[in-house]
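To keep things clear, I will list the structure first and then write my remarks on it.
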Amino acid sequence: MLRNILLASLIGLAATSQAQNAGKTVRPNIVFIYTDDQRFDALSVVQQEQGTKARFPWFSTPNLDKLANEGVRFRNAFVINSLCSPSRSTLLNSRYNHLNGIANNHTGLADTTVTYATELRKAGYNTAFFGKWHMGNETGKRPGFDYSASFVGQGKYFDCPIEVNGKVQPSQGWVDDVSTTNAIDYIRANKDKTFLVSLAFKSGHGPFQPPVRHQETYAKVTLTEPVNDGNIFPYKGQIDTGKPNNANATNAKGGTWTEKNEQRIRNYFGALKGVDENVGRVLKTLDSLGLDNNTVVIFSSDNGFFFGEHDLGDKRAAYEESIRIPLLVRYPARFPKGKKIDKIVLNLDAAPSFLDLAGVKAPASFQGKSWVPLIEDKAKDWRTSFLYEYFYERGFATPTIKAVRTENSKLILYPGEEGWSELYDLSKDPGETSNLYQSKEGEKLKTQLQAELAKQEKAVGYVNPDYADPRPLDENGKYVRPRAQVIP
């Protein structure tokens, strides 16, 4: 009898609670995890999808695949500038780099007054940042976050000093393991609060140093050369380097596909294997605390990376391997499982999406769009193209780039160097192997994309910013083509 009375009371309390919360949106926790230089295809779920065309079929990421299978995978996610600091600044403040003050890797982010962190903090979120900040060599507590355990600049893979709220403390072990432990400790301590956790890994930035447990994981796998390795970037041979252009060449046919370069690939994927394990640690923590259902987990990267495609071994250039990134989103309480979206989304969209998830209006300064309506099939007039920009950076070979990428084509321009211009029909040539810019076949497409580029420039207020590195000039005021960085 007593048991029935208690049961009835509990049911009544639950009904009352549901009635009180009817029409109210429960704000989710947000965990944003992102890597460095991770190619869009550096996920085993993508390798499996590519089938016989997969270049890295031996790479396994079970925890990231779990995110994809239990959530949403965006198959056409891009960055608007394929460089670490510029991309990371865009993730924070949803602004193009010609406007937000970060056009290279050695400048600090001066304007941090309006970011996803500041706005979520105003809305009552407990905000924390862990890992790689990398806005130049900025030190101190990370702006917009209540708590931070981060390192300066690139840091180092092993025993990296960590600034906890700006105060330097030693650490032991592989840096991404350390950052993950710090993030997990924060989640446990704040499990009864609404939190935002940003966890930024150093992997897979060079020099690639996987954790000890994965230093031999891919030692014996068979490496495959890229199918488009012979399609050379147009400014190769036009650059006055004075030495081998190792920053831009890992091409087998060109004779530089060396044992050293093969080891770099093995180490890169060994490091990302460690990332996958750390993502698994975060997911298990959320599960164990009963937070998984109402926590949005977002996984992405700051840009892609070349391993021989177009004879390149860096990023920066506007080809697919550089500008495409992974983007996975899991939110069990609201989003479907296993959904794939092919619409174009950008790193510009991260900040407004986080605010949308929290029910917070995006500030007028944000230039991106929330991808939440895409997931829920409510999006109207979604983008079909975007502007890509890169500004010459001291010590690197890549010249200033201005490009437009549509759903099935791409135009790449190098201001001041019209002879280098490129045009690709991606529907027929996804590897960007046939430059149509000077061809009769490409005339119509070129005209269309030139108009679209002008439209996109106007829409985002494109300028060549005065804080970009100046193009080097000789004593006669003539442009001296940039010298390449040589990777040791």
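The values are calculated or read from the model by the stated rules, or taken from the named source; none is laboratory data. Worth saying up front: this structure is predicted, and the values here are computed from it rather than measured. Note: ideal-geometry Cβ built from the backbone for every residue, glycine included; neighbour counts use all protein chains shown.
Some points to look at:
- Residue under evaluation G416, criteria (1) in contact (Cβ under 8 Å) with a residue 24 or more places away in the chain; (2) part of a loop (DSSP other than H, G, I, E, B); (3) under 25 Å from the mean Cα position of the chain (by Cα), criterion not met: (3)
- Positions within the range 315-336 being closer than 30 Å to V227 by Cα and in contact with a helix residue (DSSP H, G or I) (Cβ under 6 Å, 6 or more places away or on another chain), in sequence order: K315, Y319, E321, L328
- Hey, A362 closer than 23 Å to D425 by Cα, small (G, A, S) and at pLDDT 95 or above or not: no
- Members of the range 426-455 that are outside any loop (DSSP other than H, G, I, E, B), within 27 Å of the chain's Cα centre (by Cα) and either charged (D, E, K, R) or over 20 Å from R383 (Cα atoms) (or both): E452, K455
- Conditions (1) without any contact (Cβ under 8 Å) to a residue 24 or more places away in the chain; (2) in contact with a His (Cβ under 9 Å, 6 or more places away or on another chain); (3) not β-branched (V, I, T): number failed by S439: (2)
- The set of residues from the range 105-133 being at pLDDT 95 or above, within 19 Å of the chain's Cα centre (by Cα), farther than 20 Å from N190 by Cα and not basic (K, R) comprises T115, W133.
- Among the residues making up the range 373-407, those that are of a type in the set (D, E, K, R), in contact with a strand residue (DSSP E or B) (Cβ under 9 Å, 6 or more places away or on another chain) and part of a loop (DSSP other than H, G, I, E, B) are R383, E407.
- Qualifying strands (runs of 3 or more DSSP E) (wholly inside the range 158-251; at least 1 residues being at pLDDT 95 or above and touching a Phe, Trp or Tyr at 6+ places or on another chain (Cβ under 6 Å)): 162-164, 195-200
- Residue ID - surrounded by the most Cβ atoms within 10 Å (Cβ to Cβ), chosen from residues in the range 374-411 that are under 24 Å from V329 (Cα atoms) and more than 22 Å from the chain's Cα centre (by Cα): A379
- Of all residues in the range 433-488 being of a type in the set (D, E) and modelled with pLDDT of 95 or more, the one that is surrounded by the most Cβ atoms within 10 Å (Cβ to Cβ): E452
- Subset of the range 417-432 [under 19 Å from A451 (Cβ atoms) and surrounded by 12 or more Cβ atoms within 10 Å (Cβ to Cβ)]: S421, E422, L423, Y424, D425, L426
Okay, residues lined up against (1) exposed (fewer than 10 other Cβ atoms within 10 Å of the Cβ); (2) at pLDDT 95 or above; (3) at negative phi:
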site	(1), (2), (3)
R3	yes, no, yes
I11	no, no, yes
S17	no, no, yes
Q20	yes, no, yes
R27	no, yes, yes
F56	no, yes, yes
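- Counting only strands (runs of 3 or more DSSP E) that fall entirely inside the range 283-371 and contain at least 2 residues that are buried (at least 18 other Cβ atoms within 10 Å of the Cβ) and within 17 Å of the chain's Cα centre (by Cα), the qualifying elements are 295-301, 327-330.
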